[in-house]
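Heads up, the thing below is written out as structure tokens.
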Amino acid sequence: MPVSGFAQVSRRLADQDETVVANRSWWDAEAGEYYAEHGAFLGDADLVWGPEGWRESELRLLGDLAGRRVLEVGAGAGQCARWVAAQGATVVASDLSAGMLRTGLSLNSRVSDPRLAVPLVQCDATALPFGDGAFDIVFTAYGAVPFVADSALLMREAARVLRPGGRFVFSTTHPFRWAFPDDPSENGLTVNQSYFDRTPYVEADSDGEATYVEHHRTVGDRVREVVAAGLVLSDLVELEWPARNTETWGGWSPLRGRLFPGTAVFVCDKP
């Protein structure tokens, strides 16, 4: 959870409209700084599932990509989509934030392989502008899922644009972490709130207007959302912290990563 310079931080209700406006503005403003801080870790054409540093080239959660039609939601600058394109898939990268997509356009202009200049679409992940069954695979690596108020609707939209037999994979903050402070040090090892408290985390300006919103769901909530969307949960991967990764990213750190999971990856199939 990124605390801004003069933000008012609280736990309060925030509906879908307020969440969309706040998060679009936040990511628009932070796109350049985000890339400057994390671009080297993420790579310009790589699929990293979370701050632990596990890559799709290692985990192979999406399955065979050659010839597949793939949609990335919450794509940011499209780094993951470029890696998928390099595997022989036809990919569309979508994101709510025009600022993040502008960074994506800049990265597109620098690629040497024309396959990596992926199409970029601005849209809300809960209202995808694509037809039913348009894609073989939909995925998101830390995009969209925790940043929408109605994540059940997001699951239904992902299921809608998938063909029968398709796959939806998403990574997000492990729900267990919500009970702990967002602190990478020993201070972040003690539970300070209920795991079952689903009240959104909200940063606001001096007028009380939300500038950043993040929503929590329990593991059970996520499973029920997946099932209600008509999907089958095929795997739930809790990423362990690899010894090779010595970096700290916000509240994610080697110290905490050795003790409890920071990222959950849900692998879902459409019958």
Nearest-ten-degree value, helix 151-161 long axis tilted from longest Cα axis of the chain: 0 degrees
Between the range 7-33 and the range 190-241, the Cα center-to-center distance that results, in Å: 15 Å
Estimated distance in nm for a label pair at residue 102 and residue 248, the labels positioned 7 Å out from Cα along Cα-to-Cβ: 3.1 nm
Shape category assigned to the range 165-257 from the gyration tensor of Cα positions, a/c cut at 1.5: oblate
Per residue, in Å², the accessible surface of the range 1-103 once ligands and nucleic acids are set aside, probe 1.4 Å: 42 Å²
Per residue value of the accessible surface for the range 130-244 (all protein chains in place, 1.4 Å probe), Å²: 40 Å²
Label-to-label distance, nm, for residues given as residue 199 and residue 115 (7 Å Cα→Cβ offset): 5.0 nm
Heavy-atom accessible surface of the chain: percent carbon and sulfur, 1.4 Å: 54 percent
GNM top mover of 109, 206, 25 - the chain, alpha-carbon springs below 10 Å: 206
Net dipole in debye of the range 177-271 [+1 Lys, Arg Cβ; -1 Asp, Glu Cβ; about Cα centre; nearest 20]: 500 debye
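At most 12 other C-beta atoms within 10 Å and a DSSP loop state: those are the exposed chymotrypsin sites (Phe, Trp or Tyr not before Pro) I care about. Give me the longest piece of the chain that has none. Working shown, then result.
Details: sites that count: 6, 196.
With a cap of 12 other Cβ atoms within 10 Å, the longest stretch comes to 7-195.
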Fully extended contour minus Cα-Cα distance, from residue 60 to residue 41, at 0.36 nm per residue: 4.9 nm
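Sum -39500 (n - 2.57) across every DSSP H segment of at least 4 residues in the chain, then divide by the residue count to get the 222 nm mean residue ellipticity, nearest 500. Please report the intermediate quantities before stating the final value.
Details: 7 runs with 75 residues, N = 271.
That calculation yields -8500 deg cm²/dmol at 222 nm.
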Nearest 10 degrees, 0 to 90: helix 98-108 Cα axis against the chain principal axis: 50 degrees
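The values are calculated or read from the model by the stated rules, or taken from the named source; none is laboratory data. On a predicted model such as this, the values are computed, not experimentally measured, just so you know. Note: ideal-geometry Cβ built from the backbone for every residue, glycine included; neighbour counts use all protein chains shown. Ligands, DNA and RNA are excluded from the accessible area calculation, which covers all protein heavy atoms including side chains. Shrake-Rupley method; radii C 1.70, N 1.55, O 1.52, S 1.80 Å.
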